[in-house]
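Data block below; observations after.
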Amino acid sequence: MFAYLIRRLFFVIFVVWGVTFATFFISQVVPADPALAALGDNAREDQIKEFRQRNGLDKPAYVQYAVYMGKLLRGNLGQSLRTSRPVADDLREFFPATVELSLAAFLIAILIGVPFGIVAALTQNRLPDVTVRILALLGGATPVFFLGILLLQVFHGQLGWFPGPGRLDPYSISPPRVTGFMTLDTLLAHDFRTFVDSLYHLILPAVVLGSASAALLARMTRGAMLEVLSQDYIRTARAKGAASSRVIRRHAAKNAALPILTVLGGLLGSLLSGAVLTETIFSWPGIGRYVTTSASSLDFPAVMGVTLLAGLTYALINLAVDLLYAYIDPRIKYG
Amino acid sequence: MKLIKALGMVAALSAGLAIAQDRTSTLIYGGDWTDLITADPQVSYEFTGGLVADNLYETLVKFEGTDLSTLKPSLAEKWNVQNTAQGWLVTFNLRKGSKFSTGREVTAKDVVYSFDRAIQIKGPSSFLFTDVANIKVGSTKALDNYTVQVTLPKTASPAAFLNLLTFNIGGIVDSEEVKSHEQSGDFGKAWLTDHSAGSGPFMLNRWDRNAQVVLTANPNARLQPKLKQVILRYLPESQAQRVALESGEIDIAENLTPEMLKAFSSNPKFKVYKSDNLRLRYIGMNSKEGSPFANPKVREAVRYAINQDEIISGLLLGNATKIQTIIPKGLFGYNPAMYYSYDPARAKKLLAEAGVPNGFEFELLTATASCDFVPCGDLAAKIQADLAKVGLKANIKQIQNSEVLKAYRAQQAQMVLVAWSPDFPDPDGNATPMSDYNAKSLAYRNVWNNPTAAKLAQQAALETNPTKRGALYKLLTELVLKDGPYDILYQPAQNTTFSTKVEGYVRNGQNQVRFENISKQP
């Protein structure tokens, strides 16, 4: 087990290195000049030259990469070309908001997707199943952008049930920043009202971000459950006279959990790196917004920082999922 | 669902109680503020940075309302310009008793520090001091606590210098406070990025990047604002701005689309405020020997061939001002005359006179971004269609904006569709770049070398008599219009939409909004 873990951690490092390499060289072949993007139309020639020198853009690509990797090994992600701020500071500022939103979306996806999938499997081809399948189709096919604006318009604009974009009411006073998670920071500040407000602000964007995942999860759960329910051991269990609920909980659900777990890991990873549109519509200050702005202004160190973080998160989640397999299914052993 | 509703009620009630009393003294301004990089007046060169810094810092002189041609006193109550053998001597008499948010009095040494800082910090707008005003560290001197003198060389325009002082780079910082926050010779740049030390009506309370910028009233300010707090709330998506404005979550929306503006203008609860941006959207034509646009008659034909009115009313839904000369509306020297009208027959005749009766094929370069309110590709397609009617075949090439600039700056573009904003609110901000080849700016990029135009631009820049200066600009704008490498398409409008509860919102052509004049009704 320990040897396996070490091997996998090496693999994570390799993946992350691959990400830096690919991103860096893509940024080199893109026909675009970060100096002009940062300084704009009115910049003088000497300003552009000075900018290139200061940011090492005047050196050949392989030297720039070596410098970047050298800094990276010392834990330095470099400086944003656009804001001149250390990229690490930016990531620390924006990543918690994305994690908070993604976890909420993840939770919503599980709370909706799994039960709906189970119900659908148990009522195969009857009304509940058909309804779930249609909803799952809609949920999976509705573009996030459209859904976001629609929900905002209806539930905030027309009905007034939910607050507008942002993490807090515009008139409320934000808590001092400790963790960057608004829900935690409000609690740490003993500000219960603002805590409730922050939870309330989390719901709509989390539903929007989680809807496609919920749909996928419902379909996956339904499929996995149907597969398991047709197995011999389920028939045997039923034949033994086990109660239906017991068969589903003890025999079916546990065996259907493995494929679902695989999907969950992938989902969390994609939620963390795929919140760009939701963050834009709901004015959520996360890394999705950050990377969009950075990419459009050719701020390569910032883009590198985000891809690195996303790659690392993905690899670690996958590792965690694999370790969970062994926990859930005693037949799986790593060595 | 019940739980959600209950939660919602609790949140709404509790939030409502806590903030009810603050609603009329807090202004929530929603917009895409993503361009904000710093609130440092000597570093910021972007729109939002300027918007923030203008309200945190005072300048020596300023413009009031929408007028960008009459300088008004601000920290300086008087000033004068003398023409001496050493150059222009510009003397400012500071008002006594102006205070920074720190409580210290604004004195001449703060002005010297701020001006020297603008030069030494080598920020994106430092060239305004070093290249336009041509001043160095040491050019600004404190004669006593309340008198400052700046020496400009003969070659610099004192009018342009005074005008550029209204820009945020001329904001006066509390030198003692900033010095106490210097880190390894950065002139306090890191600290001033998200702190303030000015005498403006507001102070920077907090900046949660990509979420909000909170400005609170400066208790020591000479100009006391009507509001206690202004919050710039980041709402990058215009649909979200629309919904938030309708629901009352924000009071002002910065970036609505022309269709939304149309809907809001007919809604009595809202007001759409139009101001003139100083930007000009134009076509640049490469006049290099051998280029199809080398002949002035061809360039003139292009101007007759493009239908400005259709672009403004059809594509932009009226959100632009028609203009044909190089100095935008809002600046001194603006020439509102319309010298040519849409006339494809005349364009064809001119092309025949130029020896290309059957037209020719060329590349029209533009950015993949948005051109004011429409995608640049749409605007380019309209131009392509108009030009095709007179036999000119434009092949549109859309690339990343920085690549358009790269080709353009290297004189490599045949025809470009781009925009220009003056660096400072003075006609010279357009006249020299667009007329003087040696300024290595727009005239250079289009390979248009006209010594008469260059000379007129220089003369006009240095002229201190307004009547004479105005006459020179009329001559220059007419010359560039007739012979120059540009077809000016329009000047985009700047629209801001707000609830009718908001009073006193005024925005000038350089996008300055003075929050101290704004109030909010219950």
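The values are calculated or read from the model by the stated rules, or taken from the named source; none is laboratory data. Because the structure is predicted, anything quoted here is derived from the model rather than measured. Ideal geometry is used to build each Cβ from the backbone, glycine not excepted, and the neighbour counts take in all protein chains shown. These accessible areas exclude ligands, DNA and RNA; they are computed on the full protein's heavy atoms, side chains included. Shrake-Rupley method; radii C 1.70, N 1.55, O 1.52, S 1.80 Å.
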Checklist entry - Under the Karplus relation 6.51 cos²θ - 1.76 cosθ + 1.60, θ = phi - 60°, what is the ordered set of whole-Hz ³J(HN,Hα) values for region B:322-332, x standing for Gly and Pro? => result 6, 8, 10, 9, 8, 9, x, 4, x, 9, 4
Item to check | For B:Ala493, distant residues with modelled amide H under 5 Å away | outcome: B:Ala320, B:Thr321
Item to check | Karplus-derived HN-Hα couplings along region A:198-205 (A = 6.51, B = -1.76, C = 1.60, θ = phi - 60°), whole Hz, x at Gly and Pro | outcome: 5, 5, 4, 6, 7, 5, 4, x
Next on the checklist: Can you tell me the convex hull volume per residue for region A:174-314, based on C-alpha atoms, in Å³ to the nearest whole number?
Outcome noted: 154 Å³
Item to check | Two-site label geometry, B:Glu64 and A:Phe2: point separation in nm, points 7 Å out along Cα→Cβ | outcome: 8.0 nm
Checklist entry - Within the P(r) computed for region B:61-175, what percentage of the Cα pairs occupies the region above 19 Å? => result 43 percent
Checklist entry - With no solvent and one point per C-alpha, what does the Debye sum give as log10 I(q)/I(0) for region B:60-128 at q = 0.24, 0.28 Å⁻¹? => result -1.21, -1.16
Item to check | Interface burial for B against A (accessible surface, 1.4 Å probe, total of both chains, Å², rounded to 100) | outcome: 4600 Å²
Checklist entry - How large are Rg and Dmax for the protein assembly as shown when only the alpha carbon atoms are used, in Å? => result 30.6, 111
Checklist outcome for this item: Taking Cα pairs closer than 8 Å and at least 6 residues apart, the relative contact order of chain B in percent is 19 percent
Item to check | Exercise: per-residue mean of other protein chain Cβ atoms within 10 Å, A:191-201 | outcome: 4
Checklist entry - What residues qualify as long-range amide H neighbours of B:Asn205, i.e. H under 5 Å apart, gap of 5 or more or another chain, H built at 1.01 Å from N? => result B:Val214, B:Leu215, B:Thr216
Checklist outcome for this item: Once normalised by the length of region B:280-493, the mean sequence separation of its alpha carbon contacts under 8 Å that are 6 or more apart gives a contact order in percent of 34 percent
Checklist entry - Any idea how far the Cα center of region A:85-110 sits from the one of region B:298-368, in Å? => result 49 Å
Checklist outcome for this item: Result row for chain B, helices from DSSP H with C-alpha axial extent 15 Å or more and mean Kyte hydropathy at least -1.0, is B:2-19, B:108-120, B:376-388, B:451-462, B:466-483
Checklist outcome for this item: For region B:393-455 the translational diffusion coefficient, Stokes-Einstein from a Kirkwood Rh over Cα pairs at 4 °C and viscosity 1.567 mPa s, in µm²/s, is roughly 103 µm²/s
Checklist outcome for this item: Share of Cα-Cα pairs in region B:137-235 beyond 19 Å, whole percent, is 59 percent
Next on the checklist: Please list the three semi-axes, largest first and in whole Å, of the ellipsoid equivalent to region A:207-263, using sqrt of 5 times the eigenvalues of its alpha carbon gyration tensor.
Outcome noted: 27, 10, 8
Checklist outcome for this item: Share (percent) of C-alpha pair distances in region B:384-522 greater than 17 Å works out to 71 percent
Next on the checklist: Considering only C-alpha atoms, what is the centroid distance from region A:115-130 to region B:413-429, in Å?
Outcome noted: 63 Å
Item to check | Flagged links, alpha-carbon separation over 20 Å, of B:Lys329/B:Lys349; B:Lys62/B:Lys96; B:Lys78/B:Lys226; B:Lys78/B:Lys228; A:Lys49/B:Lys406 | outcome: B:Lys329/B:Lys349; B:Lys78/B:Lys226; B:Lys78/B:Lys228
Next on the checklist: For B:Leu27, what residues show an amide H to amide H distance below 5 Å, using hydrogens built from the backbone and excluding near sequence neighbours?
Outcome noted: B:Gln229, B:Val230, B:Ile231
Item to check | Spherically averaged projected area in nm², based on the convex hull that wraps the Cα atoms of region B:22-70 | outcome: 5.0 nm²
Item to check | Kirkwood-based Rg to Rh ratio, chain B, C-alpha trace | outcome: 1.00
Checklist entry - Using Cα atoms only, what is the angle between the long axis of helix A:45-54 and the major principal axis of chain A, expressed in degrees (0 to 90) to the nearest 10? => result 60 degrees
Checklist outcome for this item: Rounded to whole Å, √(5λ) for the Cα gyration tensor eigenvalues of region A:2-84, largest first, gives 33, 12, 10
Checklist entry - Quick one: accessible area per residue over chain B, 1.4 Å probe, rounded to a whole number of Å²? => result 37 Å²
Item to check | Rounded tilt (10° steps) of A:300-328 against the dominant C-alpha axis of chain A | outcome: 20 degrees
Next on the checklist: I need the phi-derived Karplus couplings for region B:122-132: 6.51 cos²θ - 1.76 cosθ + 1.60, θ = phi - 60°, integer Hz, Gly and Pro marked x.
Outcome noted: 6, x, x, 10, 4, 4, 4, 7, 7, 9, 8
Next on the checklist: For region B:280-493, place one equal point scatterer on every Cα, skip the solvent, and apply the Debye formula. What is log10 of I(q)/I(0) at q = 0.15 Å⁻¹?
Outcome noted: -0.93
Item to check | Equivalent ellipsoid, region B:183-278 (semi-axes from 5 times Cα gyration tensor eigenvalues, Å) | outcome: 32, 17, 13
Item to check | Whole-angstrom Cα spans of chain A along principal axes, big to small | outcome: 84, 56, 40
